[in-house]
Amino acid sequence: MTVGVLALQGDFREHVAVLRHMGVSPIEVRLPQHLAQVERLIIPGGESTTIGRLLVRYHLLDPIRTRAGKDLAVWGTCAGAILIAREVLDQKVGGQPLIGVMDMQVRRNAFGSQLDSFETELAMSIVGETPLPGVFIRAPQIVALGSGATALSRLPNGGIVAAQQGRLLATTFHPELTGDDRVHRLFMEL
Ligand code: GLN
């Protein structure tokens, strides 16, 4: 079961480190021939506009879009969640390239400047009853889900921070920065 981590920009090294610690050997995906080898793909946090531009330049956008949710399980963290959403509010002026496969509406930089970054404990019962550490860095928020998608975790104010649609997973926070690998384990089972 080969897992890839999109390694164009952002904190892909942290995802690779978590997977290695779990005893999994991920492939760093930079080119279509790397993508062809994987059945799961993590899209890391970073800057969604930059990652989107690089996906176009390296001819990865269309093959990911075609396979996502079918023979390719995809997990987007933070910027990655923006990239897989079908609808993105507050996009970069002029628009930005998106994979656009998951039935959800996401707002970029939803927490404003004062709360740009924060940490909180999250309830996410699908990975167990112990609260999950949630690290949010200029995070987006999932503002609406289509009928095929389910919320997996919410902030106390109801804001959705994790969602799943079949073999697509989105988290607006960064499990790769916490030392808690339960979301990585969940993804490896999708
Ligand atoms: N604000 C970033 C964006 O719009 C996402 C931040 C992150 O991935 N930590 O792409």
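The amide H of Met104, built 1.01 Å from its N in the peptide plane, has Arg86, Glu87, Gly146 as neighbours under 5 Å, considering only residues 5 or more places off or on other chains. Shown here: the chain, whose C-alpha atoms stretch 43, 42, 31 Å along the first, second and third principal axes, sorted largest to smallest. The H on the amide N of His174, modeled in the peptide plane, is under 5 Å from the matching H of Val135, each at least 5 residues off or on a different chain.
Taking the Cα centroid of segment 1-56 and of segment 85-127, what is the distance between the two, rounded to the nearest whole Å? A separation of 19 Å, based on Cα centres. Listed peptides 144-150, 15-21, 167-173 appear in the order 167-173, 15-21, 144-150 once ranked by packing, highest mean of other Cβ atoms within 10 Å at the front. Per residue of the chain, the DSSP helices (runs of n ≥ 4 H) give a summed -39500 (n - 2.57) that works out to -6000 deg cm²/dmol at 222 nm. What the phi angles of segment 51-57 give under the Karplus curve with 6.51, -1.76 and 1.60, with θ = phi - 60°, is a coupling list of 4, x, 4, 6, 4, 5, 4 Hz, glycine and proline written as x. Taking Pro63, Pro44, Pro156 in turn, the Gaussian network model of the chain (Cα-Cα springs below 10 Å) assigns the largest fluctuation to Pro156. In order along segment 148-164, the phi-based Karplus estimate (6.51 cos²θ - 1.76 cosθ + 1.60, θ = phi - 60°) of 3J(HN,Hα) comes to x, 10, 10, 6, 9, 7, 9, 6, x, 7, x, x, 7, 10, 8, 8, 9 Hz; Gly and Pro are listed as x. The 3J(HN,Hα) values that the Karplus relation (6.51, -1.76, 1.60; θ = phi - 60°) gives for segment 89-103 are, in residue order, 8, 6, 5, 3, 4, x, x, 8, x, 10, 6, x, 10, 9, 6 Hz. Gly and Pro appear as x.
Please state the relative contact order of segment 1-154 as a whole percent: Cα pairs under 8 Å, 6+ residues apart? Could you put the intermediate results ahead of the total?
Numbers: 299 pairs, mean separation 27.2, N = 154.
For segment 1-154, the relative contact order is 18 percent.
Sorting 93-105, 130-142, 75-87 by their mean Cβ neighbour count within 10 Å, with the most densely packed peptide first, gives 75-87, 130-142, 93-105.
Any read-out appearing in this document is the output of simple, stated calculations on the displayed coordinates, not a laboratory observation. None of the values given here were measured: they were computed from a predicted structure. Ideal geometry is used to build each Cβ from the backbone, glycine not excepted, and the neighbour counts take in all protein chains shown.
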